[in-house]
Amino acid sequence: MYIVRDKTTKNIIHKNPAPLHQGLSPVEVYHAFDAATMEIGKIDGALPGHWTIAGDGSIRELTDIEKIAGGILNPGPDEKVVNGEIVPKTRQDRLDDGELSYTELRETEVLRLRSEVESHFSTAKTVNGYRLDNLARQKAAVSLQFRALADTDPQKSALLADGIIYADDVTDEIQAAVVAIQNAYVQAKAALNAAVAQAKSVAQFEAIALANYLS
């Protein structure tokens, strides 16, 4: 396809659907072609939404930076222009631009850490293979309520037999494993707090955060 447009206004004057392999001359493309005021662009396929004519006469889509210069496109608050293209800002960019603080980074990492803890609980087991998922932790909590009763107590004996509660030694094992994970979370969170004051870049902060995850 050939496109004839005004050099000054860039308005399309004429479209000729002939395939490029025909190699039409300017006058064959448009009988009233005027080289002083008009230009011809060539393209195989559909015309881009926003385009220009390159030095060799081919039609190409405008780059993002050309669209920005022409007021066609504007980067959003979380975007930047790199090598003529709009890309998302990194966390370091947002930090450098004052849009993000290390304190906010900390809050993000704490949320990730909490998610890591929950994920860890869902798959972790004690040394003897008892699960630590939510159901197991609830069962251990219920078991603690019957700690004062002897295993021979009719009520406790029935609950043990039905698998509703754990034996005391199993409860202790599960509780100890839970506390260990919770303590690891507290220590990792403390490291994140320290990172707010120590980190000099997002990469350094993330290194501290990742080093203190539980998995």
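One Cα centroid belongs to the stretch 100-131, the other to the stretch 1-67; the line between them spans 58 Å. Around the amide H of residue 14, modelled in the peptide plane, lie the amide H atoms of 4, all under 5 Å away and 5 or more residues distant in sequence or on another chain.
Annotation: average projected area of the stretch 115-184 is 4.7 square nanometres, based on the convex hull of Cα atoms across all directions. Taken one residue at a time, the phi angles of the stretch 79-86 give Karplus couplings (6.51, -1.76, 1.60, θ = phi - 60°) of 10, 8, 9, 10, 6, x, 10, 7 Hz. Gly and Pro are set to x. Max-minus-min Cα coordinates of the stretch 95-211 on each principal axis give 68, 23, 21 Å, with the largest extent listed first.
Before rounding to the nearest 500, sum -39500 (n - 2.57) across all DSSP H runs of length at least 4 in the chain and divide by the residue total; then give [θ] at 222 nm in deg cm²/dmol.
It lands at -14000 deg cm²/dmol.
Restricted to Cα atoms, the chain shows a radius of gyration and a Dmax of 34.0, 107 angstrom. Cross-link check: pairs 42/67; 7/42; 139/189 evaluated at a Cα-Cα cut-off of 18 Å; pairs beyond the cut-off: 42/67; 139/189. Using the Kirkwood radius over C-alpha pairs as Rh, can you work out the diffusion coefficient of the stretch 1-67 via Stokes-Einstein at 20 °C, viscosity 1.002 mPa s, in µm² per second? So the translational diffusion coefficient is about 175 µm²/s.
3J(HN,Hα) along the stretch 49-56: x, 10, 9, 9, 9, 6, x, 8 Hz, from the Karplus curve 6.51 cos²θ - 1.76 cosθ + 1.60 with θ = phi - 60°, whole Hz, x for Gly and Pro.
Values quoted throughout were computed directly from the atomic coordinates according to the rules given, and no laboratory measurement underlies them. These numbers were taken from a predicted model, which means no experiment stands behind them.
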